[in-house]
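Here is the structure we will look at.
Rule-based calculations on the coordinates, nothing more; no lab input. All values reported here derive from a predicted model rather than from experimental measurement. With ideal geometry, Cβ positions are generated from the backbone for all residues, glycine too; neighbour counts draw on all protein chains shown.
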Amino acid sequence: MAVGIGFLSVAHMHSHGYAAGLRRLPEVEIRGVWDDDADRARSFAESLGVRVFESPGALVAECDGLIVTSENLRHVEMVEHAALAGKPVLCEKPLVASETDARRLEQVLRKSNIPLMTAFPCRYASAFGALRRRYQAGELGKALAVCATNHGTCPFGWFVDPSKSGGGAMIDHVVHVADLLWVLLGEEPASVFAQTGNRMYGQTWEDTAMLTLGYPSGLFATIDSSWSRPETFKTWGDVTMTIVCERGVLEMDMFAQEIGHYRKGGTTYGVAFYGSDMDAGLVEDFVRVVRGETPPPIPTEDGLRAAKIALAGYRSVAEGRPVAP
């Protein structure tokens, strides 16, 4: 029997990548979508030939698992719809975008105990897999410092409305790299120091964010999570990591397996990517979770851990000093 998957809001552009990955799985059926933006729901549904549901509850009732790709500050609300019916969820990052949401999510999960998987597709990048294997093999010794980036262009829309997103570039881009650092190092930072700016667009939200993480072992890591690329650049795809070890240096450019091209006039940038399909790997694992074959490989705790670092960044900016995450 086909596994039925539904989308609770498709506000985030990653919903299209997840849908494409699901369509490649013969045992999966995308049952439909619910979104409070009727035009957004209709456009998404028509692109897939699926049904638009009139309410979240109606969609949840028809599905075996749900994918939440709503605005950040609606994640917990959407998860709760699925939790009431005991359905597994794959939730877009950041899992939570406020301390209040973190507490509310914990309450929801205590009542339902549903499998909740965080959408961190970067874990499925072949480049990161190779980096992780090389580092954890220990051939270059322990890490002393890490310099990481997650650059991109500003996505605008609800992403620059803090009442929906929870912030700007820092809440949007830190969590991917924070999660990769956890997977790589298996160590949580003891301190977070952050600085933000808005000189790219000059608006109230931050378009530039730099974080320095200090670890109990003495290691430190920096994360540049800025919307610092020009409009002609690709929206996402500048995730890099340099690890300075005791006996050498490891470098990763996650999206290097691509052919970039500018169209006539050089006004827009296109990418032909031939690397691993991260979204496909992510949703394939989620389907296994829905089938009950495995617990979530990216559990709730990992999503909260990464979000906690971004939220600590905002506290650090407000207080002007390093803070404990």
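Specify whether the C-alpha gyration tensor of the range 68-221 places it in the rounded, prolate or oblate class, a ≥ b ≥ c being the square roots of the eigenvalues: rounded for a/c under 1.5, otherwise prolate if a/b is larger than b/c and oblate if not.
It comes out oblate by the Cα gyration axes.
For the chain, what does the alpha-carbon gyration tensor say about shape, rounded, prolate or oblate, given a ≥ b ≥ c as the root eigenvalues, a/c under 1.5 as rounded, and a/b over b/c as prolate?
rounded
Among LEU184, LEU90, LEU282, which one shows the highest mean-square fluctuation when the chain is modelled as a Gaussian network with alpha-carbon springs under 10 Å?
Of LEU184, LEU90, LEU282, the Gaussian network model singles out LEU184 as fluctuating most.
Build a GNM of the chain with springs between Cα atoms under 10 Å: which of ARG123, ARG247, ARG305 gets the top mean-square fluctuation?
Top of the fluctuation ranking is ARG247.
Can you tell me the FRET efficiency between SER47 and LYS164 if r is taken as the Cβ-Cβ distance and R0 is 25 Å, rounded to the nearest 0.05?
Taking R0 as 25 Å, the efficiency between SER47 and LYS164 is 0.60.
Would you mind working out the magnitude of the charge dipole of the chain relative to its Cα centre, with +1 at each Lys and Arg C-beta and -1 at each Asp and Glu C-beta, to the nearest 20 Debye? Kindly include the intermediate steps, with their values, before the conclusion.
Values: 31 positive and 40 negative charges, 71 e Å.
Roughly 340 debye, rounded to the nearest 20.
By how many degrees, between 0 and 90 and to the nearest 10, does the Cα long axis of helix 169-185 differ from the longest principal axis of the chain?
The angle comes out at about 70 degrees.
Using the count of nearby Cβ atoms within 10 Å as a rough guide to exposure, how do HIS151, HIS12 rank from fewest to most?
Fewest-to-most Cβ neighbours within 10 Å comes out as HIS151, HIS12.
If you place +1 on the Cβ of every Lys and Arg, -1 on the Cβ of every Asp and Glu, and leave all else neutral, what size is the dipole of the range 85-239 about its Cα centre, to the nearest 20 Debye?
Working: 15 positive and 15 negative charges, 100 e Å.
Charge dipole of the range 85-239: 480 debye, to the nearest 20.
How big is the charge dipole of the range 9-153 about its Cα centre, in debye rounded to the nearest 20, if each Lys and Arg gets +1 on its Cβ and each Asp and Glu gets -1 on its Cβ?
Here the range 9-153 has a charge dipole of around 760 debye.
Antiparallel DSSP bridges in the chain: what percent, to the nearest 5?
60
In a shell of Cβ-Cβ distance under 11 Å around PHE159, excluding PHE159 itself, what net charge do Lys and Arg (+1) and Asp and Glu (-1) give? Let's see the in-between values first.
Numbers: positive: LYS164; negative: GLU71, ASP161, ASP172, ASP207.
Every neighbour counted, the sum reads -3.
Going by the alpha-carbon gyration tensor, a ≥ b ≥ c the square roots of its eigenvalues, is the range 194-252 rounded (a/c under 1.5) or, if a/c is not under 1.5, prolate (a/b greater than b/c) versus oblate?
oblate
Per DSSP helix of 4 or more residues, -39500 (n - 2.57); summed, then divided by the residues of the chain. What does that give at 222 nm, rounded to the nearest 500?
Calculated at 222 nm, the ellipticity per residue is -11000 deg cm²/dmol.
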